[in-house]
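**Q** Please find one structure pasted underneath; my questions will follow.
The values are calculated or read from the model by the stated rules, or taken from the named source; none is laboratory data. In this text, all values refer to a predicted model and were calculated from it rather than measured experimentally. All Cβ positions, even for glycine, are placed from backbone atoms using ideal geometry, and neighbour counts span all protein chains on display. All accessible areas refer to the heavy atoms of the entire protein, side chains included, with ligands and DNA or RNA removed. Shrake-Rupley method; radii C 1.70, N 1.55, O 1.52, S 1.80 Å.
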Amino acid sequence: KSAMWAYSAGRAAWLLWDRLDPKLQWLAARMISDEADRFIDKTPPTQVLLDTKAEENAWDSTVIALACNMFPHHPHRAIWQQTALRWQISSFTTAADVKSDRLIDGKPLNAWLTGPNMHDDYTLENHSRVHPDYMGTIRINLHQKLVYDWAGNPEPQSLTFNTQKVYANLKKLALPDGNFVYPNGQDWQRHRNADWLDLNTLMADEQNDAQAARLMRI
């Protein structure tokens, strides 16, 4: 998970940049850049049954997106931009997407993708079950809008790709108190309602989803 932790630390460094001494600035920049470089020549993994790679691809994309937005003059900036898109778009994909020639961020899906990470009904499996908690990791991509906004760059389509369709399933599984029904059982703790606050907020704010706003208020 080093990409996700580097992303969190890197965002904090960006927010505090003017208060960091030059050595700490250099160390933070080196951490972010080195972590982003790890993914340039890698192919995002795919798996549908038992253990999706959806959330892993999403969290790996975070630090790459941070690097390309935070360091616009870095010589790797252009390759980071394309690498971030590749890892973002590969996160929440179906078999139909892999065959599709629909254009997303300037390329057809079948040129971006090598395999699916979700079932055709936009559910996904993790921990050997259909797992609503992991379907909720669409928020990892949605959160990245912040770093594009901070840099004054347009949000790529890949950040929201299939998020509405996954979230539509989560709304079907939502209980009146904002928790989820777990059709195949829950191996995390139950009553994690507060954990979905950011997911519902992002869908309400970024996707203008009124039902998401209601779940956020609950």
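**Q** Only one of these conditions is not met by L146: (1) open to solvent by 40 Å² or more (accessible area, probe 1.4 Å); (2) more than 15 Å from the chain's Cα centre (by Cα); (3) of a type outside the set (D, E). Which number is it?
**A** The number of the failed condition is (2).
**Q** Among the residues in the stretch 141-154, are any over 24 Å from L15 (Cα atoms) and of a type outside the set (D, E, K, R)?
**A** No, every residue in the stretch 141-154 fails to be over 24 Å from L15 (Cα atoms) and of a type outside the set (D, E, K, R).
**Q** Step by step: first the residues of the stretch 31-51, then only those that are β-branched (V, I, T) and either in contact with a Cys (Cβ under 7 Å, 6 or more places away or on another chain) or assigned to a loop (DSSP other than H, G, I, E, B) (or both), then the one that is most open to solvent (accessible area, probe 1.4 Å). Which residue is that?
**A** The residue in question is T43.
**Q** For the stretch 154-162, state whether one or more residues are farther than 21 Å from L109 by Cα and touching a residue at least 40 places away in the same chain (Cβ under 8 Å).
**A** Looking for residues that are farther than 21 Å from L109 by Cα and touching a residue at least 40 places away in the same chain (Cβ under 8 Å), one finds none in the stretch 154-162, hence no.
**Q** For the stretch 56-99, which residues satisfy the criterion of being under 18 Å from the mean Cα position of the chain (by Cα) and either aromatic (F, W, Y) or on the phi > 0 side of the Ramachandran plot (or both)?
**A** W59, W80, W87, F92 - these are the residues of the stretch 56-99 that are under 18 Å from the mean Cα position of the chain (by Cα) and either aromatic (F, W, Y) or on the phi > 0 side of the Ramachandran plot (or both).
**Q** Quick test for you: out of A28, A6, pick the one residue that is assigned to a helix (DSSP H, G or I), in contact with an Asp or Glu (Cβ under 8 Å, 6 or more places away or on another chain) and farther than 30 Å from A96 by Cβ.
**A** None of the others qualify; the one that does is A6.
**Q** What about E206, is it in contact with a Phe, Trp or Tyr (Cβ under 7 Å, 6 or more places away or on another chain), closer than 30 Å to A111 by Cα and charged (D, E, K, R)? Can you show your working first?
**A** On the way: in contact with a Phe, Trp or Tyr (Cβ under 7 Å, 6 or more places away or on another chain): no; closer than 30 Å to A111 by Cα: yes; charged (D, E, K, R): yes.
For E206, the condition - in contact with a Phe, Trp or Tyr (Cβ under 7 Å, 6 or more places away or on another chain), closer than 30 Å to A111 by Cα and charged (D, E, K, R) - is not met.
**Q** Here are some conditions: (1) among the charged types (D, E, K, R); (2) over 30 Å from M70 (Cβ atoms); (3) in a loop (DSSP other than H, G, I, E, B). E155 meets all but one. Which one does it not meet?
**A** Exception for E155: condition (2).
**Q** Same structure, new question: Can you tell me which residues in the stretch 13-25 are in a helix (DSSP H, G or I) and in contact with a helix residue (DSSP H, G or I) (Cβ under 9 Å, 6 or more places away or on another chain)?
**A** Step one: of the stretch 13-25, the residues in a helix (DSSP H, G or I) are 13-15, 17-19, 22-25.
Residues satisfying the conditions are A13, W14, L15, W17, L24, Q25.
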